[in-house]
Amino acid sequence: AAKAANVGVIALTGRNGGQLAEELDANHLELRVPATSTARIQESHAIIIHCLCDLIELHVTENSG
């Protein structure tokens, strides 16, 4: 759906990226955790999500007037 709408995607993947990594193109960003432990991948994804939220909040508050 994102491809058809020409919308960028930030994909959080693990191990080898799986099928999702194969579907991404130059308009998308893959943040891959190259680990084999599912728990480690999920922990890393949680940290990445918190960092992205912090960056978005910083951007919004700096540009809100």
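Numbers below:
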read-out	value
Charge sum, other residues only, whose C-beta stays under 15 Å from Arg40's C-beta, Lys/Arg counted +1 and Asp/Glu -1	+1
Potential lengthening between Lys3 and His28 on full extension [0.36 nm per residue; Cα-Cα distance subtracted]	8.1 nm
Relative contact order (percent, whole number), the chain, Cα cutoff 8 Å, 6+ residue spacing	26 percent
Low-density loop positions, trypsin sites (Lys or Arg not before Pro), the range 1-42 - DSSP coil, at most 15 other Cβ in 10 Å	Lys3, Arg15
Neighbour net charge for Ala11 - beta-carbon separation under 10 angstrom, K R +1, D E -1	-1
Coordinate range along principal axes, alpha carbons of the range 10-62, Å, largest first	37, 27, 10
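Values quoted throughout were computed directly from the atomic coordinates according to the rules given, and no laboratory measurement underlies them. Owing to the predicted nature of the structure, the values given are computational and were not obtained by experimental measurement. Counting neighbours? That spans all protein chains shown, and the Cβs are built from the backbone with ideal geometry, glycine included.
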